[in-house]
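These notes concern the structure reproduced below.
Nothing in this text is a laboratory measurement; each read-out follows from the coordinates by a stated rule. Quick caveat, the model's predicted, so the values are computed rather than measured. FYI the Cβ positions are ideal-geometry reconstructions off the backbone, even for glycines, and counts take in every protein chain you see.
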Amino acid sequence: MKNFSLLTFLFAPILVCAQTATVASGGDAVSGSGSVSYSIGQIAVGNTTTPMASVNEGVQQPYELFAVHVDEPLQAISISLFPNPTLSEVVIQIPSSELDLTASFFSSDGKLVQQIQLAGARTAVNMSDWSASTYLVQITNGKGNTAAYKLIKH
């Protein structure tokens, strides 16, 4: 029994691990009501991809939505594209009152990949057969006004 206790005591620290990361900078912010630890610029990351899912390893997870250009008449419309980045599908969400909107997907070399008419408040676009790249999504209304967004596909 002493040997088991001694071995447990010696090897227990090996079994206990905390999350670690290599970051460019970071620190602690402290106030009277609490504290927060933060990190900036994680440089050691990993990614595991299967046909069904993708997992980004690390403490900082990417979530990006880049509005590249929005004409003034479309600025009042709340257009959402999620998830971004995506693995297989993107959802375009618009107010249900907005009609006559078209979504055009362009590859990084400017070629039209797909164009769809947005019908309803939520439209799902299957991207599973598309190559991993950055795409430009251009939303156009019936009057020719546009809003452009950058979409990342893993």
task: Could you give the spread of the C-alpha atoms of segment 68-154 along their three principal axes, from largest to smallest, in whole angstroms?
output: 32, 23, 17
- request: Measure off 7 Å from each Cα along the Cα-to-Cβ vector at Thr50 and Trp130, then give the distance between these two points in nanometres to one decimal.
  value: 2.4 nm
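Taking the Cα centre of segment 66-153 as origin, sum charge times position over the Cβ atoms of Lys and Arg (+1) and Asp and Glu (-1), and report the length of that vector in debye to the nearest 20.
On the way: 5 positive and 7 negative charges, 24 e Å.
My answer is approximately 120 debye.
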